[in-house]
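The values are calculated or read from the model by the stated rules, or taken from the named source; none is laboratory data. As the structure is a prediction and not an experimental result, all values here were calculated from the model. We place every Cβ from the backbone using ideal geometry, glycine too, and count neighbours over all the protein chains shown. Quick note on the areas: whole protein, heavy atoms, side chains included, nothing else; ligands and nucleic acids left out. Shrake-Rupley method; radii C 1.70, N 1.55, O 1.52, S 1.80 Å.
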Amino acid sequence: MTQEKYMKVALAQAKKAYEQNEVPIGAVLVIDGKIVARGYNSRNKSHDATAHAEVNAIRKACKKLGDWRLENSTLYVTLEPCPMCFGACLNARVDKVVYGAKETGSQTPNVLNGVNHKMEVVGGVLQDECADLLKSYFKSKRT
């Protein structure tokens, strides 16, 4: 699969969040070309401030693989991760994060400085589709 195909799977997860009145962010964790875990925002439903799409996907992958180390993995997420989620990726030893829409006020370079694990970050994959879903969600909240 290409980056765009994995991001489309993450977008499908984001749409699940949207349907559940959650901020529509989705994530997919891939190892060796296979989807290991999927996740979407579920903070409202779970009453858990840490239930971001990325953290949910990481938790599922760790449980499925029986290890907290997700080496040789790539996480595809529809919105640039927040500092907490980047921290979770670093701690889980995710090798690469690919995101769609850029977060307003991004702190990515600052979050990744001074850490032992190095992680590649690629942004802008299906950026418009990812951003449009978020815009649609927030527009519906304002009307």
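Observations, loosely collected:
- Percent breakdown of C-alpha pair distances by 10 Å bin, ordered from the shortest bin, for the stretch 30-90: 23, 57, 19, 1
- By average C-beta atoms within 10 angstrom, highest first, the peptides 71-78, 123-130: 71-78, 123-130
- Under 5 Å from the amide H of residue 37 lie the amide H atoms of 29, each residue being 5 or more positions distant or on a separate chain, with H modelled from the backbone and absent for Pro and chain starts.
- Distance between the stretch 3-21 and the stretch 27-83 - C-alpha centres, whole angstrom: 13
- Full-extension gain in nm, residue 140 to residue 34, via 0.36 nm per residue minus C-alpha separation: 34.7 nm
- Förster radius 25 Å - calculated FRET efficiency between residue 131 and residue 19 (Cβ-Cβ, nearest 0.05): 0.85
- Around the amide H of residue 79, modelled in the peptide plane, lie the amide H atoms of 26, 100, 101, all under 5 Å away and 5 or more residues distant in sequence or on another chain.
- The residue among 116, 68, 39 whose Cα reaches farthest toward the positive pole of the charge dipole of the chain, with charges on the beta-carbon of Lys, Arg, Asp and Glu, is 39.
- Couplings for the stretch 116-121, taken from phi via the Karplus curve 6.51 cos²θ - 1.76 cosθ + 1.60 with θ = phi - 60°, read 6, 7, 9, 9, 7, 10 Hz in order; Gly and Pro are left as x.
- Solvent-accessible surface of the stretch 21-118, averaged per residue with a 1.4 angstrom probe and all protein chains in place: 49 square angstrom.
- With a cut-off of 14 Å on the backbone N, the residues of the stretch 72-96 near the modelled label site 7 Å out from residue 118 along Cα-Cβ are 95-96.
- For residue 93, residues with placed amide H under 5 Å, excluding near neighbours: 70
- For the stretch 134-139, putting each phi into the Karplus relation 6.51 cos²θ - 1.76 cosθ + 1.60 with θ = phi - 60° gives couplings of 5, 4, 4, 4, 5, 5 Hz, in residue order, rounded to whole numbers and with x for Gly and Pro.
- Karplus 3J(HN,Hα) series, Hz, for the stretch 18-28 with 6.51 cos²θ - 1.76 cosθ + 1.60 (x for Gly, Pro): 4, 4, 9, 6, 10, 4, x, 10, x, 9, 9
- Protein accessible area in the chain, 1.4 Å probe - carbon and sulfur %: 49
- Rounded if a/c under 1.5, otherwise prolate or oblate - the stretch 9-143, Cα gyration tensor axes: prolate
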